[in-house]
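A.B. asks: Sharing a structure with you now.
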Amino acid sequence: MGWLFSVIIFVLDVWAIAQIINTNTSTKAKLLWILLILVLPVIGFIIWYFAGPKTSKPL
């Protein structure tokens with residue numbers, strides 16, 4: 001059962017990193033967010049979800 005939690009966290013982290021890459025923020029900010037998610041996968045994802053840069057949607 002522990003492997004399922006790990007797979008879910010991995011998928012969410014990959015999705016978050018893809019979303020970060022698609023934002024209009026600076027490269028430095030993107031790198032810092034990605035590093036936060038890689039170093040602290042669960043907490044980093046939660047922090048990014050509530051405080052991180054959001055993707056810009058085309059009009």
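A.B. asks: Which residue, of Ile37, Ile46, Ile17, is in contact with an Asp or Glu (Cβ under 8 Å, 6 or more places away or on another chain) and open to solvent by less than 90 Å² (accessible area, probe 1.4 Å)?
C.D. replies: Ile37
A.B. asks: Moving to a separate point now. Any residue in region 10-22 that is among the small types (Gly, Ala, Ser) sitting within a Cβ distance under 8 Å of a residue that is surrounded by fewer than 17 Cβ atoms within 10 Å (Cβ to Cβ)? List the pairs, counting only those 6 or more apart or interchain.
C.D. replies: Hits for this filter: Ala16/Tyr49.
A.B. asks: A further question on this structure: Take the conditions of a type outside the set (Phe, Trp, Tyr) and open to solvent by less than 40 Å² (accessible area, probe 1.4 Å) and apply them to Ala29. Does it pass?
C.D. replies: Answer is yes for this residue.
A.B. asks: Could you please give the count of residues in region 21-38 that are hydrophobic (A, V, I, L, M, F, W, C) and more than 11 Å from the chain's Cα centre (by Cα)? First the steps, then the outcome.
C.D. replies: First, the residues of region 21-38 that are hydrophobic (A, V, I, L, M, F, W, C): 21, 29, 31-38.
With the extra rule that they be more than 11 Å from the chain's Cα centre (by Cα), the set shrinks to 29.
Qualifying residue count for the region: 1.
The values are calculated or read from the model by the stated rules, or taken from the named source; none is laboratory data. Remember, predicted model here, so these are calculated numbers, not experimental data. All Cβ positions, glycine included, derive from the backbone under ideal geometry; neighbour counts span all protein chains shown. With ligands, DNA and RNA removed, areas are computed over all heavy atoms of the protein, side chains included. Shrake-Rupley method; radii C 1.70, N 1.55, O 1.52, S 1.80 Å.
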